[in-house]
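Engineer: Take this structure first; my questions come after.
Taken together, the values in this text are just the output of simple stated rules run on the coordinates, not laboratory data. Given the structure is predicted, the values throughout are model-derived calculations rather than measurements. Positions of Cβ are generated from backbone atoms using ideal geometry, with glycine treated the same way; all protein chains shown enter the neighbour counts.
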Amino acid sequence: MAMQSFTTVTGPAIPLMAANVDTDVIIPIQRLVGTGRDGLGPYAFERLRYNKDGSDNPDFIPNREPYRGSPILLAAENFGCGSSREGAVWALMGMGVRCVIAPSFGDIFFANCFQNGLLPVRLPIEEIRRIAEETGASPGNARTTVDLARQVVVTPTGREIPFQVDGRKKEAMLQGLDDIAMTLKQADAIAAWKARDQAARGWAWESVA
Amino acid sequence: MPSTMFDRIWDQHVVADLGEGWSLLYLDRILVHDLSGGRAMQEVAEAGYKVAEPRHVFATPDHAVSSAPGRTAETFPVGAKLLKSLRARCAAEGVRMFDLGQRGNGIVHVVAPEMAIVLPGLTLACGDSHTCTNGGVGAMAFGIGASELSHALATQTLPQRRPGTFRIRFEGARPAGVTAKDMILAAIGRFSAAAGTGMAIEYAGSAVRAMSLEERLTLCNLSIEMGAKVGMVAPDDTTFEYLAGRDFAPKGRAWEAALADWRRLPSDAEARFTRDEVIEMASIAPQITWGTSPEQVTAVTGHAPRPEEAPDAARARNWQAALDYMGLAPGQPLIGTKVDWVFIGSCTNSRVSDLRAAAEVLRGRKRAEHVTAWVVPGSEKVKAEAEAEGLHHRFLEAGFEWREPGCALCVSANGEAVPPGARCVSTSNRNFVGRQGTGARTHLASPAMAAAAALAGTIVDVRNF
């Protein structure tokens, strides 16, 4: 219920590039038991990000300059698969990520992103590899921009790659709208559905009354 | 026009068309658990809303509770806070809660079918990705995140985009040693962990029709490991016999009315699916995962892959990373690999039929001395039924621990973990890095395969053990 609005973000796109990055790796469940949503950033990718002594693991690309703190993350297919934990989104946002670009996403993670203002962008893997190559060619000053209003990714060489986004989700994200308030505008339709259904499927109601 | 079961259930629950393939869907049931339930209800209250239909919401603590024999809420103190919050919010909102030790307590996706909270044709949401399990009774059940859970509780609806449909037919007679777990792992191995993304899966075919209801729950449980939020099996007499007389099943005339509705649910013979696949049962052997994604799976007689044989460079790196984490050499046979832990439990495989299948393998033998073996029944009801049959004696005599219901080692959110570097054959659903504990190495398999591994102290082929 805390949606950050999203218009554009710019930064060096972090070439994480792994496939099937699951939400357990993004945030271990132990952290969700004891930590509030605003405190999860330091634990994002905890098992990959730190050495045993707690220092930063330089092999973990988001730890390297100039990627550290960048709002754009590049990944391969099925990013955010697995558990429904919304903490994965909170942790990513806590480490500064506002947009993940991948060929495909776990369905629940994808929905969770839009609830919070993290933009998931689907692009073909070839395009993602090219963004990574363009960034790698001059990592110090290569910048990628993601523009939600225009629905384009602007690569470091200035190429514009259009992306699809659901109109409903786009508006909600641009404006930071609360889903519950939007749904409750349909209160009459919900009441009408219930009345019809109680008549048609009384068994679905009586058994738990 | 011919339609699928999924289409029928979806269409019936549309409150409003929101455009672009989106609908506001009515939810017949919502399940909540300790990990996110109390917090979600708290947020609903803080935003000035109430739980819209408290009689249609059911709560049970499962994730963050200890499974230690004799446990109380306080055994895992961090979880105790979550449990207290769940209790307080359920009491304030009038939501039914099955507390520790009560009939109805247990893993949420074990409890919902066994109490007939979920029924054919219903929509059900829960803040847990394995909610797809409940599709085994012919419901449309799906996992959601925390924000969607708050929305669901406050409105009893959710805006959802209509997914595609994916039918997987399992045809033919089931080979020896092959369980529902092996069937779904084989399907994930064949189609990939992302194949079901954006899809609702319907499992069909002669081998599914021949399955018990509990086996169908296992089959649907791993739908999310193929990427699908929804997995379902059409209801039939097996379903109706299972549900009849259970706590929240319709009774009397309502039961007759429900049956008439349920018999109209199955997909039409001519219905078209976005994707339609057939798996011949004869092609399936007992399965075991070798890597860190459920798609990294093989017949137990297989071996760890050689990264140089991967179809592309990215996959080769991915396989190598998985082999390194799992402590396996390229090309190493899985059979004979030393096992340290065995976990029989989870919303995948903790029902009484699973425990019977595991106990069947024991035949008076004892676990290997170096193996720690846990049996965690899925619910208080499962535990009571298993104990009435004396299954617990058989596990205890074999040197297994007989524990209290909960998610336990599947999720490691409860102070319980497989130690770093230890190898665990587990009947759960995820072999992700660190899932069962930091550095823990998980091999997913059926209850019978897990029990056999505990006795042998290595991965073995249950068919000749």
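Engineer: Restricting attention to the range A:158-185, report how many residues are over 27 Å from B:LEU158 (Cβ atoms) and surrounded by 13 or more Cβ atoms within 10 Å (Cβ to Cβ).
Structural biologist: Count: 2.
Yes or no, residue by residue, for (1) within 13 Å of chain B (Cβ to nearest Cβ); (2) touching a strand residue (DSSP E or B) at 6+ places or on another chain (Cβ under 6 Å); (3) part of a helix (DSSP H, G or I):
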site	(1), (2), (3)
A:THR135	no, no, yes
A:ALA142	no, no, no
A:VAL165	yes, no, no
A:ARG168	yes, yes, yes
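Engineer: For the range B:1-35, which positions are part of a loop (DSSP other than H, G, I, E, B), facing another protein chain (nearest Cβ under 10 Å) and not charged (D, E, K, R)?
Structural biologist: B:HIS13, B:GLY21, B:LEU35
Engineer: Let me ask something else about it. Return the residues of the range B:79-94 that are more than 25 Å from B:PRO377 (Cα to Cα) and either of a type in the set (Lys, Arg) or touching a Pro at 6+ places or on another chain (Cβ under 6 Å) (or both); say none if nothing qualifies.
Structural biologist: Once the filter is applied, which keeps residues that are more than 25 Å from B:PRO377 (Cα to Cα) and either of a type in the set (Lys, Arg) or touching a Pro at 6+ places or on another chain (Cβ under 6 Å) (or both), the range B:79-94 yields B:ARG89, B:GLU93, B:GLY94.
Engineer: In the range B:156-171, what count of residues is obtained for those that are part of a strand (DSSP E or B) and within 8 Å of chain A (Cβ to nearest Cβ)?
Structural biologist: 3
Engineer: With (1) farther than 25 Å from B:SER223 by Cα; (2) in contact with a Pro (Cβ under 8 Å, 6 or more places away or on another chain); (3) in a loop (DSSP other than H, G, I, E, B) as the list, and A:GLY69 as the residue in question, which single condition is left unmet?
Structural biologist: Only one criterion is unmet by A:GLY69, namely (2).
Engineer: Here is a follow-up. Would you be able to say whether some residue in the range B:181-192 is free of Cβ contacts under 8 Å to residues at least 60 places away in the same chain, more than 20 Å from B:MET41 (Cα to Cα) and more than 8 Å from every other protein chain (Cβ to nearest Cβ)?
Structural biologist: yes
Engineer: Identify all residues within the range A:171-200 that are touching a helix residue (DSSP H, G or I) at 6+ places or on another chain (Cβ under 9 Å) and under 17 Å from A:ALA111 (Cα atoms); write none if there are none.
Structural biologist: A:ALA172, A:MET173, A:LEU177, A:ASP178, A:ASP179, A:ILE180, A:MET182, A:THR183 - these are the residues of the range A:171-200 that are touching a helix residue (DSSP H, G or I) at 6+ places or on another chain (Cβ under 9 Å) and under 17 Å from A:ALA111 (Cα atoms).
Engineer: Right, next: Among the residues of the range B:435-458 satisfying the criterion of being surrounded by 24 or more Cβ atoms within 10 Å (Cβ to Cβ) and assigned to a loop (DSSP other than H, G, I, E, B), which is farthest from the chain's Cα centre (by Cα)?
Structural biologist: The selected residue is B:ALA440.
Engineer: In the list B:ALA52, B:ALA40, which residue meets the criterion of being over 19 Å from B:PRO405 (Cβ atoms), surrounded by 24 or more Cβ atoms within 10 Å (Cβ to Cβ) and in contact with a Ser or Thr (Cβ under 8 Å, 6 or more places away or on another chain)?
Structural biologist: Checking each option against the conditions leaves just B:ALA40.
Engineer: Contact list please: Cβ distance under 9 Å, first residue in the range B:36-63 and at the interface with chain A (Cβ under 9 Å from one of its Cβ atoms), second residue part of a strand (DSSP E or B) and among the polar types (S, T, N, Q), pairs at least six apart or on different chains.
Structural biologist: B:ALA52/B:THR157
Engineer: Which residues, taken from the range A:66-87, are facing chain B (nearest Cβ under 9 Å) and in contact with a helix residue (DSSP H, G or I) (Cβ under 8 Å, 6 or more places away or on another chain)?
Structural biologist: A:ALA76, A:GLU77, A:CYS81, A:GLY82, A:SER83, A:SER84, A:ARG85, A:GLU86, A:GLY87 - these are the residues of the range A:66-87 that are facing chain B (nearest Cβ under 9 Å) and in contact with a helix residue (DSSP H, G or I) (Cβ under 8 Å, 6 or more places away or on another chain).
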